[in-house]
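Take a look at the structure set out below.
No value in this document is a laboratory result; all are computed from the given coordinates. As the structure is a prediction and not an experimental result, all values here were calculated from the model. As a convention, Cβ positions derive from the backbone with ideal geometry for all residues, glycine included, and neighbour counts pool all protein chains shown.
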Amino acid sequence: MEPNVSRVSPSGLSAQTLELPSRVVGRVGDPSSGPTLIVFGAIHGNEPSGYEAMRSFFASLAENPVSLRGSVVGLVGNRQALAAGVRFLDEDLNRMWLAERLVHVRSSEELTGELEEARELDREIENILASATDRVYALDIHSTSGPGPAFSVFDDSLVNREFALELEVPMVLGIEEELEGTLLDYLYSRGVHTTGFEAGQHEDGQSIERAKAAIWVALRASGVLGRSGQNEVDAASRSLALSREGLPTLFEVRHRHAIPPDADFRMHRGLVGFQRVLRGEELAVENEALVRAPEAGLLLMPLYQTQGEDGFFIIRPVRTMWLGVSAHLRHWRLERFVHLLPGVRRIDGTGLEIRVDRRVARWLPLDFFHLLGYRRIAEVGRHLFLRRRADDLDGHGPTPVS
Ligand SMILES: [Zn+2]
């Protein structure tokens, strides 16, 4: 029985109006009858494609209802920045989701700008998690300042990986290790299965289409879609696969160019996402000095806007056979034995958190620990701190409010 035929009330306002868009773009289904999918758009206000895609998606559902097991909710990230057409007003809303910041956000009354956005969004998320009775999934839609095909970024646990694989676009591993305080990182720590979707260039109309396709695919991947609506998802899945333009499935981040605070960073014109670059190739000018590619690879997210602290990334393809190898290795639960390796120490008794002495364990690259399901938390001097991704392990589910 699939009782939850959609009832939808798209409530988003046009971005052209001066009024703020509603926080909740749409909410359909019954969270007590299955999994929950949360879609986020415009966490960065100058990336409207996710917001527009949600509006179009919920309007489609209103016109042609489909059966659902569970619920789907669409949330606007940064309402004020979206209305103003900027990435953020005071600070990046996608770098604020850290425990100590949340304590402040939850306990303060008079908040403005992104602090106010974070508080509202946090309340909405808490309500959704509190009413969820099954798995919760989150799809966070972004876009880039430079042109390039769509891709996904996610914390590489096995469940997140399955979720991202369904999206059919190239998967980029390791970006989450470079950034602190992202919304998805926080949701992941709360037991939510997450993936980020980069839909293409901000102003490209195709970005909205790709983002809408990603929502349809996520609806099925999360198990929220019932028997109807499969044709929409098949079409969406095909269009995303086509948008790949023959690119491989899997990539890893090799380098992030961090822009120092207040630096004058200018990317060379005409660079696009996933284009090949050679080692030493000139890519940008920063404070009048040339910035060159430190190694050969593919360029990702060249920055063509003034706001943002990531100049560009260099990525490299990884053979997909490693996906299978790492899935097997993780099932063997090798964290129980990892401390037996020279230079590796347990921080807790379980091996879920470890410290690697890079001088002793020089022959163990970070990739080795990635395969076992570890993620880099910090690097202090010669020590690398790593944590095992929790949702590969048994008994992992939504964690209570702390
Ligand atoms: Zn973004």
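The fewest-to-most ranking of Ser152, Ser189, Ser107, Ser33 by surrounding Cβ atoms within 10 Å reads Ser107, Ser189, Ser33, Ser152. Since only Tyr188, Phe40, Ser108 are under comparison, the one whose Cα sits farthest along the positive direction of the charge dipole of the chain, derived from C-beta charges on Lys, Arg, Asp and Glu, is Tyr188.
Eigen-decomposition of the gyration tensor built on the alpha-carbon atoms of the stretch 214-341 gives equivalent ellipsoid semi-axes of 34, 25, 15 angstrom, largest listed first. Consider a paramagnetic label point 7 Å from the Cα of Ala378 along Cα→Cβ; state which residues of the stretch 75-98 have an amide N under 20 Å from it. Residues 95-98 fall inside that zone. Where does the longest stretch of the chain lie that holds no chymotrypsin sites (Phe, Trp or Tyr not before Pro) found in a DSSP loop with 13 or fewer other Cβ atoms within 10 Å? It works out to 1-331.
Across the stretch 52-61, rounded Karplus estimates of 3J(HN,Hα) from the backbone phi angles (6.51 cos²θ - 1.76 cosθ + 1.60, θ = phi - 60°) give 5, 5, 5, 4, 5, 4, 5, 5, 4, 5 Hz, Gly and Pro being marked x. When the alpha-carbon atoms of the stretch 250-317 are used, the pair Rg, Dmax equals 11.1, 35 angstrom. Using label points projected 7 Å from each Cα along Cα→Cβ, tell me how many nm separate Asp310 and Thr112, to one decimal. Result: 3.0 nm between the two label points. Between Glu91 and Thr320, take the C-beta separation as r, use R0 = 30 Å, and let me know the FRET efficiency to the nearest 0.05. The calculated FRET efficiency here is 0.20. Remark: spin-label model distance Leu179-Leu242 equals 2.9 nm, labels positioned 7 Å along the Cα→Cβ axis. When the P(r) is computed for the chain, the part past 36 Å accounts for 23% of the Cα-Cα pairs.
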